[in-house]
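> Mind having a look at this structure? Questions to follow.
The values are calculated or read from the model by the stated rules, or taken from the named source; none is laboratory data. Quick caveat: nothing in here was measured; it's all calculated off a predicted structure. Glycine also receives a Cβ, built like all others from the backbone with ideal geometry; neighbour counts cover every protein chain displayed. What goes into the accessible areas is simple: the full protein's heavy atoms, side chains included, and nothing from ligands, DNA or RNA. Shrake-Rupley method; radii C 1.70, N 1.55, O 1.52, S 1.80 Å.
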Amino acid sequence: GDARMEEAWILNGLERPGEALAAADQALAASQRRELVLRAGDLNRENGRLDMASKLYDLVMADDAARGVDDWRILFARATVRSDTGDWAGAEADLQAGLALEPDRPELLNYLGYGWVKRGERVKEGLGLIQRAADARPDQGYIIDSLGWAHFQLGQLDQAIEYLERAAELAPTDPEIIDHLGDAYSRVGSADEARFEWAAALGLK
């Protein structure tokens, strides 16, 4: 199973998702070991097969529960799938369970904080979580973007632009970050800068 799973990820890197997913299925047919099931879940998640990813993560979670194992990584992975399928309540539960295990884990703080901010729920609390993530990982563009976007949602435009510009420097090929910067420029009346950033974002997409 291990060799077939390695092959699956190599095929995925070569942008041959159909073959990659077939190889992962074959690996699981040979072995249902936790690490293989988890990696197959990740592969399915990356390729948009969210129902299959969810089933595989549930398998790992059930096995972990039976053995008394707690792992924030699997909670985080399942939370992202739940969020992407529109089950924010389920995602929120997984993220909060993850934070109960790892209260300072930046990935969990950022994802939950950004989820609240994006939905306009608990925005100030969300900003607090993102700030903690940013303090821990000041070099991560996607976290600094979340911080900028939270300030944007709160109408704190000077801070929003400062953080979004820094995020764009850290992650210049991320279209969502560049798009957010364009939105912030537009809000403060910098139309030319906004058009430039939106065009760049479209080019990256």
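> What whole number of Å gives the distance from the Cα centroid of region 158-173 to the Cα centroid of region 1-28?
Each part's Cα centre sits 36 Å from the other's.
> With Rg/Rh (Cα atoms, Kirkwood Rh) defined as stated, name the option among (1) 0.97; (2) 1.03; (3) 1.50 computed from the structure displayed.
Working out Rg/Rh (Cα atoms, Kirkwood Rh) from the coordinates points to (2).
> Enter the accessible area of residue 72 (Å², nearest 10), with the probe set to 1.4 Å and all protein chains included.
Accessible surface of residue 72 is approximately 40 Å².
> Just to check I understand the Karplus step: with θ = phi - 60° and J = 6.51 cos²θ - 1.76 cosθ + 1.60, what whole-Hz values come out for region 147-153, glycine and proline as x?
Per-residue couplings from phi come out as 5, x, 5, 4, 4, 4, 5 Hz.
> Given contacts defined as C-alpha pairs under 8 Å and at least six residues apart, what's the relative contact order of the chain, whole-number percent? Each step should come with its number before you reach the end.
Numbers: 281 pairs, mean separation 19.1, N = 205.
Reported relative contact order: 9 percent.
> Could you tell me the center-to-center distance, by alpha carbons, between region 69-122 and region 125-142 in angstrom?
14
> Under a Cβ-only charge scheme (Lys and Arg +1, Asp and Glu -1), can you give me the dipole magnitude of the chain about the Cα centre, in debye to the nearest 20?
In total the dipole reaches around 440 debye.
> Sum -39500 (n - 2.57) across every DSSP H segment of at least 4 residues in the chain, then divide by the residue count to get the 222 nm mean residue ellipticity, nearest 500.
Computed ellipticity for the chain at 222 nm equals -26000 deg cm²/dmol.
> Using a probe radius of 1.4 Å on heavy atoms only, what accessible surface per residue do you get for the chain? Whole Å² is fine.
Accessible surface, normalised per residue, equals 50 Å².
> Quick one: grab the alpha carbon gyration tensor of region 21-60, order the square roots of its eigenvalues as a ≥ b ≥ c, and give me rounded if a/c is under 1.5, else prolate or oblate depending on whether a/b is larger than b/c.
It is oblate, given that a/c is not under 1.5 and a/b is not larger than b/c.
> Shape of region 55-116 from its Cα gyration tensor (a ≥ b ≥ c, root eigenvalues): rounded if a/c is under 1.5, otherwise prolate when a/b > b/c, or oblate?
oblate
> Carbon-plus-sulfur fraction of the accessible area of region 1-160, 1.4 Å probe, in percent?
49
> Using a/c under 1.5 as the rounded threshold, could you call region 95-163 rounded, prolate or oblate? The axes a ≥ b ≥ c are square roots of the C-alpha gyration tensor eigenvalues, and prolate needs a/b larger than b/c, oblate otherwise.
oblate
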